[in-house]
Amino acid sequence: MTNPTLFTIIVVVAIVIVAVVGMLLLRRQRTAKLRGSFGPEYDRTVQERGDRARAESELERRRKRVEGLTIRPLTREDRARFSDAWSKVQARFVDDPNGALTEADQLLGEVMSRRGYPVGDFEQRADDISVNHPRVVENYRKGHAIALRHGKGEASTEDLRQAMIHYRALFAELAGSREMTAAGEGVAPAEKERKIIG
């Protein structure tokens, strides 16, 4: 083997090694970025899809879809109106858990719609919510699962209470109740909420 041929082989091997290392680093960065953005939703999607690459493609697809939507914050008036409605739904739970759960689900749909999220199929709504609210989307899924069981007559009053707690976490995130609590606007005191629901 001549020196130029050996040199060419070494250069080609070096280029291949650099390309492979670069690809692995990019893949790790993508994984880290998605895991950081989606939190527990990343792990849930990997488990559901059974393959990290497919799960990451799915999460990227969700992100692109939501980037195409016009998601907006609620106005101060909308936040106050929705918070008042939520307080009434929670208070209704004591006398009518079934009706309160149905109203809570409808109210979440109204808040999502007002924020700019499409409100069609449940799975699509949950996927869309997971992009900007990955830490609470699991609450939505759990609350919805209980509501489905309730529709079949398989949920107890305690289950309905748990569904309301799950829905409340998503509502607080979507309606900006955390900011309103800090500002003292339109939100029932936490102590009052605990007495009603949890």
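The values are calculated or read from the model by the stated rules, or taken from the named source; none is laboratory data. Keep in mind that what you see is a predicted model, and the values were worked out from it rather than measured. Positions of Cβ are generated from backbone atoms using ideal geometry, with glycine treated the same way; all protein chains shown enter the neighbour counts. Areas reflect the complete protein model, heavy atoms only, side chains present, ligands, DNA and RNA absent. Shrake-Rupley method; radii C 1.70, N 1.55, O 1.52, S 1.80 Å.
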Review point. So how exposed is residue 9, as accessible area in Å² (1.4 Å probe, rounded to 10)?
Key: 80 Å²
Check your understanding: Compactness ratio of the chain: Cα Rg over 2.2 N^0.38 Å, N = residue count?
Key -> 1.43
Revision key, fill the gap. Per the helix-only model, the chain has a calculated mean residue ellipticity at 222 nm (DSSP H runs of ≥4, -39500 (n - 2.57) each, divided over all residues, rounded to the nearest 500) of -26500 deg cm²/dmol
**Study point:** Added length on full extension, which subtracts the Cα-Cα distance from 0.36 nm per residue, residue 152 to residue 33
**Key:** 38.8 nm
Check your understanding: Roughly what would the spin-label model give for residue 84 and residue 135, points 7 Å off Cα along C-beta, in nm?
Key -> 3.0 nm
Point to revise | Solvent accessible area, Å² - residue 23, 1.4 Å probe, full protein context | key: 110 Å²
Practice item. Towards the positive end of the charge dipole of the chain, with charges on Cβ (+1 Lys, Arg; -1 Asp, Glu), say which of 150, 169, 100 has the farthest Cα. Key: 169
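Roughly how big is the range 103-173's charge dipole about its Cα centre, with Cβ charges of +1 (Lys, Arg) and -1 (Asp, Glu), in debye to the nearest 20?
140 debye
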Check your understanding: Over the heavy atoms of residue 7, what accessible area does a 1.4 Å probe trace out, to the nearest 10 Å²?
Key -> 140 Å²
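Order the following by accessible area, largest value first: 70, 45. Probe radius 1.4 Å; ligands, DNA and RNA are ignored.
70, 45
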Review point. For the range 1-114, what is the charge dipole size about the Cα centre, in debye to the nearest 20, if Lys and Arg each add +1 at the Cβ and Asp and Glu each add -1 at the Cβ?
Key: 600 debye
Exercise for review: Could you please state how large a percent of the accessible area of the chain is carbon and sulfur, counting protein chains only and using a 1.4 Å probe?
Suggested key: 56 percent
Practice item. Can you grab the distance from the C-alpha centre of the range 5-59 to the C-alpha centre of the range 119-177, Å, no decimals? Key: 33 Å
Check your understanding: Mind checking the angle between helix 40-49 and the chain's longest principal axis? C-alpha axes, 0 to 90 degrees, to the nearest 10.
Key -> 70 degrees
Review point. Could you give the angle, 0 to 90 degrees to the nearest 10, between helix 76-93's Cα long axis and the longest principal axis of the Cα atoms of the chain?
Key: 60 degrees
Study note, to complete from the structure: With +1 at each Lys and Arg Cβ and -1 at each Asp and Glu Cβ, the charge dipole magnitude of the chain around its Cα centre, to the nearest 20 debye, comes out at 620 debye
Point to revise | Of 32, 111, 9, farthest towards positive along the dipole that unit charges on Lys, Arg, Asp, Glu beta carbons give the chain | key: 9
Point to revise | Positive-end residue, the range 37-87 charge dipole about Cα centroid, Cβ charges, pick of 87, 73, 50 | key: 73
